Amino acid sequence: MKVAFSRRLLAPLAGALLSLLLPGLGIRAGLEEARNSTPARLGPVIARVDGVPIYLGQARARLQGLLAAHRPSGGEGGAARWKPLVLRSLVDDVVVLEAAREMGVLPSQGEVRKAVQGLKGRLGGAAAFRRWLREQGMDEWELARRVRLQMAAAAVYLKVTEKVAVTDPEVEAYYRDHLEEFTVDGKPRPLLEVRAAIEDELLKEKKDRTYSRWLEERRRSVKVEVISKEWEE
């Protein structure tokens, strides 16, 4: 729905999920997957979250994505400033995936393969897909890991926020407090015309806050052992 009078109401859903969708995602889906994966390609373990390993290769991939996106100055010094954030985001990856497993919403390998195949089709076939992977600096195995994380994160977000709702008093209060946003040529739009847009905005904000609180509680509930101190805060 286009709401020309309020840029706030056109903001895309971001908030709590933003850190999970950054370039260079690299995660472990839990102890079982970690044991069955190929650690040699990921390098040494730099941290563990309730025993689930986080590898140097994952951290470097995430860091490269952040550096490419933000282009910080200062060379290695700039990279060093990002390392604690990278480790925290990788810890969150483990937290979210383990929560997805507990909630019964962890995507299956078949669902992940289907999503990857769908992307391959949208890119125009196998050759275009391989070229795109090279441009992204990853292989299909890495892409599957990123897709699995994104699918799990979205499913956990929906599960955590499924009971969040917006009340009529909240909508009415928002309308009164932001009346200038709904005023065109000096005349306020009726609440009936803008109610749906307000509800969408308030629901997004409440869901993001609910998810953020949930994630903070989950962070506090896990044991994080940092092995490589250069990635520590």
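The values are calculated or read from the model by the stated rules, or taken from the named source; none is laboratory data. Small disclaimer: the values here were computed from a predicted structure and weren't measured. Glycine also receives a Cβ, built like all others from the backbone with ideal geometry; neighbour counts cover every protein chain displayed. These accessible areas exclude ligands, DNA and RNA; they are computed on the full protein's heavy atoms, side chains included. Shrake-Rupley method; radii C 1.70, N 1.55, O 1.52, S 1.80 Å.
Criterion applied to R88, R131, R122, R71 was being at pLDDT below 90 and either open to solvent by 60 Å² or more (accessible area, probe 1.4 Å) or under 28 Å from K223 (Cα atoms) (or both), and the one residue passing it is R71.
Assess whether L192 counts as being in a helix (DSSP H, G or I) and over 19 Å from L87 (Cα atoms). Judged against the criteria, L192 is a match. Just one of the listed residues (V194, V222) is under 22 Å from Y157 (Cβ atoms) and at pLDDT below 95, namely V222.
Just one of (1) over 19 Å from A61 (Cβ atoms); (2) buried (at least 16 other Cβ atoms within 10 Å of the Cβ); (3) free of Cβ contacts under 8 Å to residues at least 40 places away in the same chain; (4) among the hydrophobic types (A, V, I, L, M, F, W, C) trips up I198, so point out which. Evaluating I198 over (1) over 19 Å from A61 (Cβ atoms); (2) buried (at least 16 other Cβ atoms within 10 Å of the Cβ); (3) free of Cβ contacts under 8 Å to residues at least 40 places away in the same chain; (4) among the hydrophobic types (A, V, I, L, M, F, W, C) leaves (3) as the failure.
In the set (1) open to solvent by 30 Å² or more (accessible area, probe 1.4 Å); (2) of a type outside the set (G, A, S); (3) within 30 Å of V105 (Cβ to Cβ), R145 fails one condition alone, (1).
Output the number of residues of region 154-165 satisfying the condition of being open to solvent by less than 70 Å² (accessible area, probe 1.4 Å) and without any contact (Cβ under 8 Å) to a residue 12 or more places away in the chain.
0
Among the criteria (1) open to solvent by 60 Å² or more (accessible area, probe 1.4 Å); (2) at pLDDT below 90; (3) of a type outside the set (G, A, S), the one Q150 does not fulfil is (2). Scanning region 166-191 for residues that are in contact with a helix residue (DSSP H, G or I) (Cβ under 8 Å, 6 or more places away or on another chain), open to solvent by 60 Å² or more (accessible area, probe 1.4 Å) and either closer than 30 Å to R101 by Cα or touching a residue at least 24 places away in the same chain (Cβ under 8 Å) (or both) returns E170, R189.
Check whether at least one residue in region 145-163 is over 17 Å from K206 (Cα atoms), among the polar types (S, T, N, Q) and part of a helix (DSSP H, G or I), and report yes or no. Looking for residues that are over 17 Å from K206 (Cα atoms), among the polar types (S, T, N, Q) and part of a helix (DSSP H, G or I), one finds at least one in region 145-163, hence yes.
I need the full set of residues from region 211-233 which are in a helix (DSSP H, G or I), buried (at least 16 other Cβ atoms within 10 Å of the Cβ) and over 15 Å from the mean Cα position of the chain (by Cα), in order please.
Listed by number, the residues that qualify are R218, W231.
Given the conditions (1) outside any helix (DSSP H, G or I); (2) more than 17 Å from the chain's Cα centre (by Cα); (3) not hydrophobic (A, V, I, L, M, F, W, C), report the number of the one that K120 does not fulfil. It fails just one condition, (1).
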